[in-house]
Amino acid sequence: MVSNLIKNVKHNIKEFSIIPKSVFVEFEEIYKDKIVYRKNTNKIESVTKFSQKTGGKIKVIKYDYFDDSKIKSIDEFDENSGKLLKTSNFTLFKSVTEYDIQSGKKLRTLNYHYRDESKLSSIHEYNLQYEKVSKITVFRSDGKSISMIKELNPKTEMIEKCISFKRDSNTISSISKYDFDGNKTVKTTMYYSGLRAATDKRTAPKKYNFKDFKPLSAAEKITKDKLIDNLFKNRLSFSMLS
């Protein structure tokens, strides 16, 4: 296509010699892909791609052992520093892990539905100091609305808070706090009406607006407790509580 374009330009421009030759130099791939084949076969095991600017490794694509038309994982690297930025896995379901470019430690992992990789299932966020999960955001089946957010102590890996949301909304329905007295877990749950969380446009809420919230009245709380009691007596479904 490029060659035909050059021929047309040469044909249409009479004084072709006055145009710098560099304009018509076709793109040349300086750093070729590195292809690794499985031993004694013609099946591709991995393909490494390089930056045409720096020559640094920017992507490693690994293929399924039995079917090299299927991608198993993709590692993406910073072309200047060579540090790992992101890993996408496709083994059982799609998951994407992002890394901190300075420390190389995990920042968060996005897990997708195994039947629909366009929908989020959950997000795990990591504490860089302890390199353990500090927050888990669980999404409903639509892959967009949040079902709950669990906040963990990254040192002990124990849940400290669980925030539940009403179905099809960004309204907080309850917040459960967990205290630990030795081996005993003490759970305190507060129910809310009309408390909305400030959302991050990309994925999950980062901050919560607890100003001007309206807690449930004593009567409303009693009604809610009765609904929950009936639920565990097989008289209601969870959907009726939303």
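The values are calculated or read from the model by the stated rules, or taken from the named source; none is laboratory data. Nothing here was measured: the structure is a model prediction, and the numbers come from that model. Glycine also receives a Cβ, built like all others from the backbone with ideal geometry; neighbour counts cover every protein chain displayed.
For region 9-16, the criterion of a residue being among the acidic types (Asp, Glu), in a loop (DSSP other than H, G, I, E, B) and either at positive phi or modelled with pLDDT under 90 (or both) is satisfied by at least one position. Mind checking whether some residue in region 182-197 is surrounded by 14 or more Cβ atoms within 10 Å (Cβ to Cβ) and either among the basic types (Lys, Arg) or within 24 Å of Asn89 (Cα to Cα) (or both)? Yes.
The number of residues in region 43-70 being surrounded by fewer than 16 Cβ atoms within 10 Å (Cβ to Cβ) and within 24 Å of Leu107 (Cα to Cα) comes to 1. Within this structure, Ile74 passes the test of being touching a residue at least 12 places away in the same chain (Cβ under 8 Å), among the β-branched types (Val, Ile, Thr), surrounded by 16 or more Cβ atoms within 10 Å (Cβ to Cβ) and closer than 26 Å to Gly143 by Cβ.
Taking region 162-176 on its own, how many of its residues are at pLDDT 90 or above and either exposed (fewer than 15 other Cβ atoms within 10 Å of the Cβ) or of a type in the set (Gly, Ala, Ser) (or both)? Selection size over region 162-176: 4.
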